[in-house]
Amino acid sequence: MNSDKLMSVARAIVARQKGVLAADESTPTIKKRFDPINVESTEENRRRYREILFTSEGIERYLGGIILFDETLRQTTQDGTPFAELLSNRGIIPGIKVDKGAKALALYPGEKITEGLDGLRERLSEYKQMGAKFAKWRAVININECDIPTSFAIHANAHGLARYAALCQELDIVPIVEPEVLMDGAHDIERCEVVTSRVLEEVFTELDAHRVLFEGMLLKPNMVIPGMKCERQADAQQIAEATIRCLMRYVPAAVPGIVFLSGGQNAEDATDNLNAMNAMGPHPWQVSFSYGRALQAPVLAAWKGQEGNVGAAQKIFLKRCRLNGLARDGKYTRAME
Ligand code: 13P
């Protein structure tokens, strides 16, 4: 393990103003994103869509890294340049999703476990040769009214994340560790904070036991936020205070960066919440973004699969990147929308 290399890549991904684009939707997930705009999920349409994102002018000022799906890492631009090479040449670090998805956890109804550890060392080695310098593994934690999540599901998922992170660092690949507490349901912000705290405590206990170098990883958590069906919603200040309080208690200061997922928040809210957290800073870690939907939903809506809309879609993408870059400094306002 080359600690210096891991630390420098991790820091570069969350350099000033910068965050991550999660463009690593699996084939079933990208179909869900294409369906509402009536774009067929063919290999070529998926390639073209990613090409539109990755060739947008100016995004390298705000994106330290982009997470790709296996298929995309093997694809090229129209003129034959591999996507990983295109991104590296633009100063954007290419990364790769390596988990094989969250599946039902046997004998624990309503809970999930992420698969993909078998053969992971070999897959990481191939991805590294193809230019990936960081990776992502997503664990999913559900909340219900009474007994979920169980301690067992939290432990099993934390253990999987730590096994993955250790395998990455063995090969000098920076692991993004993503324990996602879902926003689904009617739970309040207090319950989200309790569950997120239990999850983060367990994740860092497992990472430490697996000898993972905190300085050479990034954490991708959910924000502490009420469930989507909760009657008592929270404003950006309340979300920021609860989230930072929780992270301060459970995330070691040695971790260079926290890159939030958007988890179904709309684009403006995700930017506003990130901004509120940075306005409370400075914090021990960089506080940044690794958004999928909150960066891409407006782009898909503008593109609609039509070549004539590509310029407009790329402009909207750059705008979202720029506004999130401003939120990294606590300098965003809603009036900028
Ligand atoms: P969202 O921002 O859409 O939640 O996606 C981020 C991600 O990579 C989830 O794994």
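Any idea of the accessible area per residue across the range 247-337, 1.4 Å probe, to the nearest Å²?
Values: 3470 Å² over 91 residues.
It amounts to 38 Å² per residue over the range 247-337.
Within the range 184-267, list the trypsin sites (Lys or Arg not before Pro) lying in a DSSP loop whose Cβ has at most 13 other Cβ atoms in a 10 Å radius. Walk me through the numbers before you get to the answer.
Working: sites: Arg191, Arg198, Arg211, Lys229, Arg232, Arg245, Arg249; in loops: Arg211, Lys229, Arg232.
Those satisfying the criteria are Arg211, Lys229, Arg232.
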- Message: Explain nothing, just the number: relative contact order of the range 109-175, from Cα pairs under 8 Å at least 6 residues apart, as a whole percent.
- Response: 46 percent
- Message: Please enumerate, by chain and number, the lysines with C-alpha under 17 Å from the C-alpha of Lys331, excluding those fewer than 8 residues away in the same chain.
- Response: Lys18, Lys319
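Counting only heavy atoms of protein chains, what accessible area per residue, in Å², does the range 1-111 have with a probe of 1.4 Å?
Values: 5030 Å² over 111 residues.
Per residue, the range 1-111 has an accessible area of 45 Å².
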- Note on the structure: Listed by chain and number, the lysines with an alpha carbon less than 24 angstrom from that of Lys112, same-chain partners under 8 positions apart left out, are Lys31, Lys32, Lys97, Lys100, Lys103, Lys136, Lys220, Lys229
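Taking all protein chains as present, what is the carbon and sulfur share of the accessible area of the range 185-337, in % to the nearest whole number, probe 1.4 Å? Mind showing how you got there, number by number?
Values: 3070 of 6130 Å².
Here carbon and sulfur together make up 50 percent of the probe-accessible area.
Quick one: putting +1 on the C-beta of Lys and Arg, -1 on the C-beta of Asp and Glu, what dipole do you get for the chain around its Cα centre, in Debye to the nearest 20?
Details: 42 positive and 44 negative charges, 153 e Å.
Dipole magnitude for the chain comes out near 740 debye.
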- When the Cα centres of the range 100-115 and the range 197-257 are compared, how far apart do they sit, in Å? 22 Å
- Message: So, R0 is 25 Å and r is the distance between the beta-carbons of Ala335 and Glu307; what FRET efficiency does that work out to, to 0.05?
- Response: 0.15
- Message: Along the Cα→Cβ direction, 7 angstrom out, place labels at Arg249 and Leu171. What is the inter-label distance in nm?
- Response: 3.7 nm
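Enter the accessible area per residue of the range 150-192 (Å², integer; probe 1.4 Å; all protein chains in place). Working shown, then result.
Numbers: 1220 Å² over 43 residues.
It amounts to 28 Å² per residue over the range 150-192.
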- Note on the structure: Calculated from DSSP helices alone, with each H run of at least 4 adding -39500 (n - 2.57) and the total divided by the residues of the chain, [θ]222 nm to the nearest 500 comes to -14000 deg cm²/dmol
- Query: Once amide H atoms are placed 1.01 Å from N in the peptide plane, what residues at a sequence separation of 5 or more from Val181, or on another chain, have their amide H within under 5 Å of its amide H?
  - Reply: Ile141, Asn222
- Query: In nm, to one decimal, how far is the modelled label at Arg121 from the one at Thr81, with both set 7 Å along Cα→Cβ?
  - Reply: 3.6 nm
- Carbon plus sulfur fraction of accessible area for the range 1-137, probe 1.4 Å, in percent: 48 percent
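The values are calculated or read from the model by the stated rules, or taken from the named source; none is laboratory data. Just so we're clear, the structure is a prediction, and the values are computed from it rather than from any experiment. Every residue, glycine among them, receives a Cβ derived from its backbone with ideal geometry; neighbour counts consider all protein chains shown. Heavy atoms of the whole protein, side chains included, go into the accessibility calculation; ligands, DNA and RNA do not. Shrake-Rupley method; radii C 1.70, N 1.55, O 1.52, S 1.80 Å.
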